[in-house]
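Novice: One structure coming up, written as structure tokens, with questions to follow.
The values are calculated or read from the model by the stated rules, or taken from the named source; none is laboratory data. The structure presented is a predicted model; accordingly, all values stated were derived computationally and were not measured. Cβ sites come from the backbone with ideal geometry, for glycine too, and all protein chains shown count toward neighbours.
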């Protein structure tokens with residue numbers, strides 16, 4: 001699977017979760033329970049199970065997305081935030097030394 005495929009999959013997964021949202025999932029589960037005439041206890045358990053499953057899948061998707069983005073960053077040779085901050089700090093330090101040398 002190429003990096004573009006990983007990024008596309010991550011994008012579509014996050015988009016799907018964003019469009020559905022937990023409230024929509026719970027609402028759909030409640031409608032299902034009502035249409036299938038589940039008693040109150042079974043309906044509540046079903047809604048809880050669906051909601052729990054949603055949270056688990058969302059967590060899995062977040063981990064997948066983080067992994068896919070991390071892999072893309074590494075494969076493309078991009079710097080991460082810490083590396084950027086370190087380079088910026090080093091640049092500022094060197095710039096200060098150069099500027100101080102010009103003023104003397």
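Novice: The conditions are (1) part of a helix (DSSP H, G or I); (2) free of Cβ contacts under 8 Å to residues at least 60 places away in the same chain, and residue 69 fails exactly one of them. Which is it?
Specialist: Only one criterion in (1) part of a helix (DSSP H, G or I); (2) free of Cβ contacts under 8 Å to residues at least 60 places away in the same chain is unmet by residue 69, namely (2).
Novice: In addition: Specify which of the listed residues (54, 64, 46) is without any contact (Cβ under 8 Å) to a residue 24 or more places away in the chain and assigned to a helix (DSSP H, G or I).
Specialist: 46
Novice: Tell me yes or no: at least one residue of the range 77-86 is surrounded by 11 or more Cβ atoms within 10 Å (Cβ to Cβ), on the phi < 0 side of the Ramachandran plot, in contact with a helix residue (DSSP H, G or I) (Cβ under 8 Å, 6 or more places away or on another chain) and in a helix (DSSP H, G or I).
Specialist: No: the range 77-86 contains no residue that is surrounded by 11 or more Cβ atoms within 10 Å (Cβ to Cβ), on the phi < 0 side of the Ramachandran plot, in contact with a helix residue (DSSP H, G or I) (Cβ under 8 Å, 6 or more places away or on another chain) and in a helix (DSSP H, G or I).
Novice: Another question about this same structure. Between residues in the range 80-104 that are farther than 21 Å from residue 69 by Cα and residues that are outside any helix (DSSP H, G or I), which pairs lie under 8 Å by C-beta distance while being six or more apart or on different chains?
Specialist: Pairs found: 87/79.
Novice: Just the residues that are surrounded by 13 or more Cβ atoms within 10 Å (Cβ to Cβ), under 28 Å from residue 74 (Cα atoms) and at pLDDT 70 or above, please, taken from the range 7-59.
Specialist: 57, 58
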